[in-house]
Amino acid sequence: GAARLSGPVPGTATLSWQPLRWSQQTTGTPARTDWRTQGRITDLPLAWLDLLGQSQMANLGLRGDLLFGGQWDASSAETLRLRATLERTTGDLLLQADGAAATPLRAGVRAARLLVTTEGDRLTASLNWDSERAGQSQAEFSTRLQRQDCSWTWPTDAALEGSLKVQLPPVGAWSLLAPPGWRLRGTLDADAVLSGTRGAPQWHGNLSAQDLAVRSVVDGIDFSHGRLRANLGGQRLN
């Protein structure tokens, strides 16, 4: 019913869950399987993302003591139901200011929350990030799933709906989008909506950036004071 998780970086998380309920009815057509699972996780350190080899936050000038907590409740009977959340509970991010000797700045994180829900064949997700010095972002997404032979799939013709609003200051987190060894900085302001289908997504909106800087020591590139003005139209970026 419970477990404590620890790793090679500081932090101890707690995972707890209710007994899994599962039953299968083989008589009748079609056969039916019912199940339900519930649980929660607390004190999950953001620093553990580095263990997955995906972020290398220290190299991006990001560190801190952010802790996350979440819970899930999922079941499948006549229909599929899911509600899962992951959100910041305590702690903050430290942002590396310009200059190696500069004192890191506290991001002033006020909210960081991911919510995923399903009701029948409809899947929705929302993401909210709010901070004093590391920007704000809100994202909404929804689509349709399809049941086939007692399992759920995401068909290529499933309709998409979504929106994205982002305002980010010039922090080093941009480097997540760059190849290894490259560093990006700059502000970002984005406002876009998503439509179309999974197989043919359509984006419409605007992107702008100020004070863009790109640096790669190995490739001898050092570019700064850049600006970006772009608009999204369908599957084109102009």
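Only the coordinates and a few stated rules stand behind these numbers; no lab work does. Predicted, not measured: the structure shown is a model, and the values here were computed from it. Note that we place each Cβ from the backbone using ideal geometry, even for glycine, and neighbour counts take in every protein chain shown.
Structure above, values below:
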| quantity | calculated |
| --- | --- |
| Sum of side-chain charges, R83 neighbourhood, beta-carbon under 14 Å (Lys, Arg +1; Asp, Glu -1) | +2 |
| Cα-centre dipole for the chain with unit charges at Cβ (Lys and Arg positive, Asp and Glu negative), debye to 20 | 160 debye |
| Pairwise FRET efficiency - H204 versus Q136, Cβ, R0 = 30 Å, nearest 0.05 | 0.90 |
| Proximal charge balance of L164 [Cβ under 13 Å; K/R count +1, D/E count -1] | -3 |
| Rel. contact order, % - alpha carbon contacts under 8 angstrom, at least six apart, the stretch 183-232 | 37 percent |
| Cβ-Cβ FRET estimate between D34 and S163, R0 fixed at 30 Å, reported to 0.05 | 0.30 |
